[in-house]
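Colleague: Got a structure here, written out as structure tokens. Questions coming.
The values are calculated or read from the model by the stated rules, or taken from the named source; none is laboratory data. Note that the coordinates shown come from a computational prediction; the quantities given were computed from them, not determined experimentally. All Cβ positions, even for glycine, are placed from backbone atoms using ideal geometry, and neighbour counts span all protein chains on display. For accessibility, only protein heavy atoms count, side chains too; no ligands or nucleic acids. Shrake-Rupley method; radii C 1.70, N 1.55, O 1.52, S 1.80 Å.
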Amino acid sequence: MRALQCTSTQIVLIVAPPFLVLTTYFAFRHAAVWLGPERGYLVGFLFYWIFWCFLLPFLTVGVDGLRGMFQSPQPTFGTPNWLGVLLLLGPPLAMYITGFPGEVEKASLKIVLYSALFALANGTLEEILWRGAYISTFPKSWLWAYLYPAIWFGLWHLSPQVIYPSKMSGGPLAFALMSISLGLVWGWVAKTTGSIRWTVIAHILLNFAGLTGRWFVP
């Protein structure tokens, strides 16, 4: 049997996720102890965004690779197109129809603003790492470009919950499993279109619907 041959970039992206989960877990945990939950939560995400979501893709795929992630989707929404539209719009619409109306009525302008800024940063940077970098590096592999990053995308969500555990039924593990399903949804669109344009937008919309800004406000 022919041995699996990987480039150095591919090896880095295969090995990186366990270290990402471990380092972000300790970053959130210790930042919350030192700075309090609100500032600790922000510091944890800044570490995650800068070191893992930006620097790792930048150092592995380079500037051209980052640009290529946002190329024009072909086909527009995947194959078939109607499935791509459904997968992109389904999760954010469900949030905006159910929990969002009641939560936004109670939210201050500051929380809404923080939520918008968080959604823009997190939605964009996470798609660059978990969809864009892997699809660019493993263009012919559904295992490494699609399934593998989707699983670790979900598992990474256990790290921030060391500060604010999910209140959904099943707790942090259920939230991680839900995140894996989102990784599979967005990953399918990105893989079949060769672009993260639409998944970035869908991710931003979903993040904003969660009004995550409330976790940064004492």
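Colleague: The stretch 153-218: which trypsin sites (Lys or Arg not before Pro) are DSSP loop and have at most 13 other beta-carbon atoms within 10 angstrom?
Modeller: Within the stretch 153-218, the qualifying trypsin sites (Lys or Arg not before Pro) (loop, at most 13 other Cβ atoms within 10 Å) are 167.
Colleague: Right, next: For residue 38 and residue 15, compute 0.36 nm times the residue count separating them, minus their Cα-Cα distance, and round to one decimal in nm.
Modeller: Details: separation 23, 0.36 × 23 = 8.28 nm, distance 3.06 nm.
Full-extension gain reported as 5.2 nm.
Colleague: Now a separate question. Assuming 0.36 nm per residue, please report the length gained on full extension of the stretch residue 50 to residue 181 beyond their Cα-Cα distance. Please report the intermediate quantities before stating the final value.
Modeller: Numbers: separation 131, 0.36 × 131 = 47.16 nm, distance 2.48 nm.
Gain on stretching residue 50 to residue 181: 44.7 nm.
Colleague: Taking 7 Å along the Cα-to-C-beta vector as the label spot, tell me the residue 116-residue 26 distance in nanometres, rounded to one decimal.
Modeller: For residue 116 paired with residue 26, the spin-label model returns 3.8 nm.
Colleague: Using a Gaussian network for the chain with springs between C-alpha atoms less than 10 Å apart, which of these wobbles most: 149, 91, 80?
Modeller: Sorting by GNM fluctuation, first place goes to 80.
Colleague: Mind checking which of 104, 21, 185 has the largest fluctuation in a GNM of the chain, springs on alpha carbons under 10 Å?
Modeller: Among 104, 21, 185, the largest GNM mean-square fluctuation belongs to 104.
Colleague: Continuing with the same structure: Measure off, as a whole percent, the carbon and sulfur share of the 1.4 Å-probe accessible area of the stretch 1-41, all protein chains present.
Modeller: The value for the stretch 1-41 is 66 percent carbon and sulfur by accessible area.
Colleague: Right, next: Enumerate the calculated ³J(HN,Hα) couplings along the stretch 65-72 in order (Karplus 6.51 cos²θ - 1.76 cosθ + 1.60, θ = phi - 60°), each rounded to whole Hz, writing x wherever the residue is Gly or Pro.
Modeller: These are the phi-based 3J(HN,Hα) values: x, 5, 4, x, 4, 9, 5, 4 Hz.
Colleague: For residue 106, which lysines qualify as cross-link partners when the Cα separation must be under 27 Å and same-chain residues fewer than eight apart are set aside?
Modeller: Counting by Cα, and skipping residues close in sequence, residue 106 has these lysines nearby: 167.
Colleague: Could you please state how large a percent of the accessible area of the stretch 53-176 is carbon and sulfur, counting protein chains only and using a 1.4 Å probe?
Modeller: That share works out to 73 percent.
Colleague: Related question: Order 69, 95, most accessible first, counting only protein heavy atoms with a 1.4 angstrom probe.
Modeller: On the way: 69 5, 95 70 Å².
Accessible-area ranking of 69, 95, largest first: 95, 69.
Colleague: In Å², what does the accessible area per residue of the chain work out to with a 1.4 Å probe?
Modeller: On the way: 11150 Å² over 218 residues.
Spelled out: the 1.4 Å probe surface of the chain, per residue, equals 51 Å².
Colleague: Sticking with this structure for a sec: Under a 1.4 angstrom probe, counting protein chains only, how are 110, 140 ranked by accessible area, largest first?
Modeller: Details: 110 100, 140 195 Å².
Sorted by accessible area, descending: 140, 110.
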